[in-house]
Each structure stands twice: as structure tokens, then as C-alpha cells.
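Values in this text are rule-based calculations from the coordinates and carry no lab data. This one's a predicted model, so the numbers in the text were calculated from it and none came from an experiment. Quick reminder, even Gly has a Cβ in these numbers, built from the backbone with ideal geometry, and neighbours come from all protein chains shown.
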Amino acid sequence: MSVRKPLARSVVRNGFDGSQHTVGMPTNTGYDPSLGRKFIFVTGGVMSGLGKGITAASTGRLLANAGFDVTAVKIDPYLNVDAGTMNPFQHGEVYVLKDGGEVDLDLGNYERFLDIDMTSDHNVTTGKVYDHVIEKERAGDYLGKTVQIIPHITDDIKRRVREAAADSDVCIIEVGGTVGDIEGMPYLEALRQFAHEEDDDDILFAHVTLVPYSKNGEQKTKPTQHSVKELRSIGLQPDVLVGRCPDPLDAHTREKIALFCDVPQDAVFSNPDVDDIYHVPLMLEEEGLDSYVLGHLGLTDEALTQNERDTEWRERVTRATEDSIRVALVGKYGLEDAYISIHEALKHAGLERNVAVHHEWIHSETLADGEDGELSDVDGILVPGGFGSRGTEGKIEAIRYARENDVPFLGLCLGFQMAVVEFARNVLGLDDAHSAELNEETGHPVIDLLPEQKDLDDMGGTMRLGTHITEITEGTLAADLYGDTACKERHRHRYEVNLDYLDDLEANGLVFSGTSGRRMEILELPEHPFFFGTQFHPEFRSRPTRASPPFLGFVDAVCATGGEH
Ligand code: GLN
């Protein structure tokens, strides 16, 4: 393939109303997706948890800064069809896409770093692949053939990658897990075939690996050598090696890796620890990773020169903060990864307002009745989403404290539902009010099962999921925050406000300022400095350069009232 397509120079931003607008550079026209599409495969060596996803997403950010349309695919070699049924405590947050896909949290990183909206097709799992192949087998589509991992499973993997990449210039494909894992084998074999089928300059293999220190402070290359040996034994030669180490790799370490792993010295990159993941693209740019990748893919002529590159990311993530605030996250999982999108959304709002947002974990089970202890030290209270009854009384207690003491409060999904329960109990006087999810016996199920959820057998993929439009009442805080009469946000819930209690709740001052048909989507208390809850999850649409309106409102309110509590 010799003809290069004109590559996109446009930066498309997604508006909160779902519209898209193009900024900066002229829109690419006459794009033929069958020409010159580039694939960057990212594998991991030695051990998991190296930050392979952040490295991959950061590389994508740099290529986007150079003017290319970049997308990503995350391969998860587990048998679950999707992440929807996984426990966030073990696996981290379940990220929700606009089409309702319940996916690995790495897709959240890709959406945030690349400022794109992905779909379920961008998360390939072994469960999905086998499901599809077995379905085809049952339908007789294989015409009597023996159905096998090679070629049927590998063909389906390649098809999915190509389809997900179709509308972009460059697609970054991250293979989850570590090279050598049994589960990952069919994917690596599919990659090998890919390399066989595509032109050399349309594919780049990057391997992210661990470079540990020995006891005497020496950077050790042996684990990297072994993991590259493993890759090569299955027919894959990495083009680029990225060494994860607390510090930059020494010249000697680079030389050694280059020699033993058979890559040029300038294809070995350092990826040292940084305090802020949003600085990883900046650091990789300084290392020259983007120039090397563009050169390898034959895109150097097409890329914008250094001073033409989009610098919005750099400007945003390196802003100096003038102030700092402390907010409490009241939840049941102490694990940071279980609420990663909420942390990021708070950070985005802070970046927009030049404020450092520090969050403190308050384990909801520790908030005993009437004891506000830890809450009195914070400037704002956020109650996130969740499932199951553990810790809910503590969440209700935290909401009562916020409501009665004029502390800014943001409630998301379960946090929204618990705000309704708290209001019903303490303002309406319905002492045993609860969500039917958490107490089936309650005499006042102010939060109840969505009607269509009543007779479900399957738990996977059956919640109210993905983007739905919320109509916003004019003159409310919600209208002010969104600057609009509607918003499009992502959902993931089975329960909702029980309309039997609506009149009572409203008559006592609770305002439902956002609705979707007869579904209550946003609540607020007009007399309170900031008491705001959403049945949806605004955190999934927040981006470093485009903070989410409810989070911005929350941070503004915390700044305005901070220190008074
Ligand atoms: N458990 C609640 C429901 O299913 C809230 C879900 C959530 O917070 N994502 O409706």
C-alpha cells in the first residue's frame, strides 16, 4: 500500500448536549478508511499494574495533539462478556459508555485522554469473542468445518479490531494482562497474523515492561529480556520498548535493552513514575516517543510540526493551583480504583477553577448514628453510586449532616437515591423509608425497582444503561449548571424514585429539576447553598479539558462556602 490518505487535522469536541463541533484545524474530507489506517499494539511484560493503559492512552494523546484522529481498543482476555457483573472491589470501577456498554476502567482513561466517546465494540473480551463464534457455529455458519481457536477465534479478534479502528487514523490496541498468560495467547496469535496481513509501516508493536532496581541500586534488564524472548517465541518482535521504572532509564540500561531485545537504542523509552497521570503524555513527548512512533508509521510528513501541535492538554494539566479544598467521599469501597471516574471528575473541575481538590475517604460504615466526627473537617460531601445495603445508613447520615449544616453535597446515583430516602425519613417523617433494593420489607419504598426490571432473570447488561436525555426545568440550579434545558448523561441503575411519593417530597421542598419522562433524574434543594443529586453518572462524561457541570457546581460551591464548617 503506497497511497497515503490525507489524515484528519480536526479536533472534534463533544458538547454536553451531545453535539459535536470541530475546533482548530480544518476538517479532513475525502477520507477513505481502507487506506493507510495505522495500528499500534501495546502489550505488557513481567507483571500487570505497570500503567500500560496510561502509557497507551498518553501515546494516543500525543498523536491526537499532532492532528490525527485516534481511537483505542482494550482487549480483556477474561471470560466475562463484559465488566458489568464484576465486583468493583476486586476489579475497579465498571465504566459506562454512551451505548450502555459496561466496560473496563481503562476505557475511561482512553475517553479522558483522547477526548472521544467510545462504544462497546472498543472493548474486546474473550467472553464476547467466544459467544459470537459459538453462536455462529450453532447457526451452522461454518458449513461443517471444525471450529477452532485458529483461525475462527483469531479471525473474530482481527475483525473486531479492524471494525473498531475503521473511522480513525490511528487505533491503539491494548492487550490486557501480561505476555505469557494462557488467556492472552489467542490475542497474541491474532496480532502475529495482523502483522503478516498489514504493511510494516501500518503497524507498531510497543511493549511496556518493568525495569526493577536491584538491592544495590542497579536497573535490571533481565525481566525485560525474558518477556521479549517470550514475545519473540510466538513470532512477535516489539518495535518499541517502554521501561517502567521509578526513574528514567540510564544510558547503559537502554543500551543493554536495545542489544538484547533487538531494537534500535532510540526505540527504548523511559516511563518513570510521575505524580500526576496527566503528565505522562508530557513526559513521553520529552522522551521523543511520539516522534519515533510517527516516523515508524510513516506519518512524519503528515504530522503537525512541534509548534503547530495542540497544546491545550499541556496548558490545562500544568496549571498552577491557587487554592485547595477538601471533600469527603462517603462510600463502602476504600479502593481508589473503584471510584476512579469520580476522582478524575473532581480533578477536572479543580483544573478548570485552578483549585486542588483533595478527597478524603470516609468509610460509610464508620459513620455511626448522630456522630458527625470526620465530616466536620471537610468542605463538601460527595456520596457516590453503589449497590447493596452495606454502609447505607452511614451515607444517609452524611447526607443529613450536609443538608442540615448547609455543607455542599453532591449525590450520584445511589447517592441521589439515598438523598431521597434521607429527605423522606427526616423531613417527611417516614421513619422506615428506604430503597426497596436495600430493604425489601420497608413500609415506604421511596426508591423502587424500575417497572421493566421486575421480572428479569439475567443480571448482566439489564440495568437502565447508557445515555438518556434529561429534560431540565428552567430557572433551577440544574439549568444554571448545564446552561441548557436538557442534558445527555450516562446511566447505570435498576431502581428509581417511586412516583407514589413524588407529591409529598415536592410539597416539602425537594425539587426534581431534571426528569426523563416520568423518571426523576436530578434533585436539588433551593434553600441550600448546594444540594444536588443525579440519578445518572455525570463523572463518565467529564474530561480534563471539559469538566462536568455538576462537579464544577460542586467545586464552586465548596470554594464559596469552604472554611466555614
Ligand atoms: N443500586 C442502585 C440501583 O441499582 C444505584 C446504582 C448505582 O449507584 N450505579 O438503582
In the chain, taking the dipole from +1 charges on Lys and Arg beta carbons and -1 charges on Asp and Glu beta carbons about the Cα centre, the listed residue (535, 191, 164) farthest towards the positive end is 191
Sorted largest first, the C-alpha extents of the range 268-339 along its principal axes in whole angstrom are 51, 28, 19
Tilt, helix 185-197 to longest principal axis of the chain (alpha-carbon atoms), in degrees rounded to tens, equals 50 degrees
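So if R0 is 30 Å, what FRET efficiency would residue 441 and residue 374 give, r being the distance between their Cβ atoms, rounded to the nearest 0.05?
0.45
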Long-range alpha-carbon pairs in the range 52-102, meaning those over 14 Å apart, account in percent for 65 percent
In units of 2.2 N^0.38 Å, the Cα radius of gyration of the range 396-482 is 1.28
The rounded separation in angstrom of the Cα centers of the range 310-366 and the range 60-138 is 24 Å
Burial-style ranking of 509-519, 388-398, average other-beta-carbon count within 10 Å with highest first, yields 388-398, 509-519
Extension length gain for residue 366 and residue 185 (0.36 nm per residue less Cα distance), in nm, is 60.7 nm
Taking 537-543, 553-559, 56-62 and ranking on average Cβ neighbours within 10 Å, highest first, one gets 56-62, 537-543, 553-559
Measuring from its Cα centre, the chain shows a charge dipole (+1 at each Lys and Arg Cβ, -1 at each Asp and Glu Cβ) which, in debye to the nearest 20, is 1820 debye
Helix 549-561: inclination vs the chain longest Cα principal axis, degrees, rounded to 10, gives 60 degrees
Among the Cα-Cα pairs of the range 34-187, the proportion with separation greater than 22 Å, in percent, is 41 percent
Partner lysines whose C-alpha sits under 17 Å from that of residue 145, ignoring same-chain residues fewer than 8 away, are 136
With +1 on the Cβ of every Lys and Arg and -1 on the Cβ of every Asp and Glu, the dipole magnitude of the range 122-228 about its Cα centre, in debye rounded to the nearest 20, is 580 debye
Note: residue 321 to residue 247 extended length (0.36 nm per residue) minus current alpha-carbon separation gives 24.1 nm
At the level of C-alpha centres, the distance separating the range 418-451 and the range 375-404, in angstrom, is 16 Å
Note on the chain, DSSP bridge orientation, antiparallel percent to nearest 5 equals 35 percent
In terms of the charge dipole of the chain, which places +1 on Lys and Arg and -1 on Asp and Glu at the beta carbon, the residue among 300, 270, 378 farthest towards the positive end is 300
Around residue 526 (Cβ within 12 Å, Cβ-to-Cβ, excluding residue 526; K/R +1, D/E -1) the net charge comes to -4
Highest mean packing first, using Cβ neighbours within 10 angstrom, the peptides 496-507, 315-326 sort as 496-507, 315-326
With the dipole of the range 375-457 defined by +1 on each Lys or Arg Cβ and -1 on each Asp or Glu Cβ, the option from 427, 439, 450 whose Cα lies farthest towards the positive pole is 427
In degrees, nearest 10, the alpha-carbon axis of helix 105-114 is tilted away from the dominant principal axis of the alpha carbons of the chain by 80 degrees
With DSSP loop assignment and no more than 16 other C-beta atoms within 10 Å, the GluC sites (Glu not before Pro) in the range 212-299 are 218
Expressed in nanometres to one decimal, the distance between label points 7 Å along Cα→Cβ at residue 486 and residue 432 is 4.2 nm
Bounding extents of the chain in its principal axis frame from Cα atoms, largest first in Å, are 73, 62, 53
Answer check: the range 332-449, Cα atoms, Kirkwood Rh, Rg/Rh ratio of 0.98
